[in-house]
1. Which condition does TRP125 not pass, out of (1) aromatic (Phe, Trp, Tyr); (2) assigned to a loop (DSSP other than H, G, I, E, B); (3) closer than 30 Å to PRO58 by Cα, if it passes all the others?
2. With the structure loaded, tell me whether ARG137 is more than 16 Å from the ligand (Cβ to nearest atom) and touching a His at 6+ places or on another chain (Cβ under 8 Å) or whether it fails that test.
3. Quick one: count up the residues across the range 29-48 that are within 19 Å of ASP162 (Cβ to Cβ) and either open to solvent by 20 Å² or more (accessible area, probe 1.4 Å) or free of Cβ contacts under 8 Å to residues at least 40 places away in the same chain (or both).
4. Specify the residue that is farthest from SER100 (Cα to Cα); the eligible residues are those in the range 231-246 that are touching a residue at least 24 places away in the same chain (Cβ under 8 Å) and open to solvent by 70 Å² or more (accessible area, probe 1.4 Å).
5. Yes or no: the range 9-28 includes at least one residue that is farther than 30 Å from VAL165 by Cα and open to solvent by less than 10 Å² (accessible area, probe 1.4 Å).
6. Can you name the number of the only condition in (1) farther than 30 Å from ASP90 by Cβ; (2) surrounded by 14 or more Cβ atoms within 10 Å (Cβ to Cβ); (3) away from the ligand (no atom under 16 Å from the Cβ) that ALA249 fails?
7. Of the conditions (1) within 22 Å of THR170 (Cα to Cα); (2) surrounded by fewer than 23 Cβ atoms within 10 Å (Cβ to Cβ), ALA86 satisfies every one except a single condition; which number is it?
8. Return yes or no: is PHE74 out of contact with any Leu (no Cβ under 6 Å at 6 or more places or on another chain) and among the hydrophobic types (A, V, I, L, M, F, W, C)?
Amino acid sequence: MTVKLYAMTCGYLTGKLGYLMEGGEGEVRLPIPAYLIEHPKGTALFDTGMHPQCQHDPVARVGQRIMGLFRFDFSPGEEISARLEAMGRDPGRIDLIVTSHLHFDHVGGNALVPNATVVVQQREWAAGMDAELAALRGFDRKDFDLGHKVRQIKGEFDLFGDGSVTCLPTHGHTPGHQSLRVRLPSGDVVLAGDACYFCQTLRERRLPKNVHDRKQMHASLEKLAQLQAGGAKIFFGHDDVFWRDVPQAPMAIT
Ligand SMILES: [Zn+2]
């Protein structure tokens with residue numbers, strides 16, 4: 001069975017590198033990726049980017065704390081629904097949203113994909129529903145508690161039952177972060193999400209300042225490094241230099 005993978009950029013944020021990678025200096029521009037996967041048995045997104053309110057009134061959407069960390073560069077036409085429509089896909093007919101984790105730049109677009117079932121690690125969803133833990137980790141229920149069907153999974157999960165698209169637990173950044181492995185004819189691609197912001201994160205094992213569990217995050221980076229050593233291509237969560245070479249939809253990643 002053939003799987004197709006498409007990358008979309010749903011805006012940019014700019015933040016301090018020292019916050020995102022220990023020892024970093026200056027500012028860094030962060031692409032906000034979302035991916036479409038088309039399989040003969042269905043369609044899935046891996047993350048949905050930011051909510052369109054971030055285009056005109058980000059402070060009302062994300063609050064002062066996050067406004068203090070990032071500058072927003074996100075325009076109408078860059079939200080997930082517009083990206084899908086631009087390639088002739090109906091956001092209302094997407095079957096699944098695989099959620100890496102519950103931060104605003106990964107689930108903010110769920111509101112625009114109303115009929116999908118959300119596939120999320122059970123421990124991530126539980127953290128999102130726990131008021132105290134959600135506040136601590138910066139999760140906002142209005143991004144993801146929208147009445148979608150939710151399929152809570154535990155650990156590795158084969159999305160279409162043929163090994164072509166597999167959720168891989170990569171906890172640490174948040175309690176139940178997951179990455180996604182996609183088997184393309186050319187080889188495996190691993191969409192790391194925020195288990196690994198930058199190419200440099202993996203190479204030098206320099207973690208962000210604020211993570212849920214440093215030990216788990218190191219173990220997840222080790223797992224990604226092993227996948228990479230085995231020939232998988234790692235797609236980093238927010239690496240602008242890496243991202244410049246990723247073909248954008250409607251061109252498929254081959
Ligand atoms: Zn992120």
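1. (2)
2. no
3. 4
4. VAL241
5. So far as the range 9-28 goes, yes, one or more of its residues are farther than 30 Å from VAL165 by Cα and open to solvent by less than 10 Å² (accessible area, probe 1.4 Å).
6. Evaluating ALA249 over (1) farther than 30 Å from ASP90 by Cβ; (2) surrounded by 14 or more Cβ atoms within 10 Å (Cβ to Cβ); (3) away from the ligand (no atom under 16 Å from the Cβ) leaves (1) as the failure.
7. (1) is the only condition that ALA86 fails.
8. Yes; evaluated as a whole, the condition is true for this residue.
The values are calculated or read from the model by the stated rules, or taken from the named source; none is laboratory data. This structure is a prediction, so every number in the text was calculated from the model and none was measured. As a convention, Cβ positions derive from the backbone with ideal geometry for all residues, glycine included, and neighbour counts pool all protein chains shown. Keep in mind that these areas ignore ligands, DNA and RNA; they rest on the heavy atoms of the full protein, side chains included. Shrake-Rupley method; radii C 1.70, N 1.55, O 1.52, S 1.80 Å.
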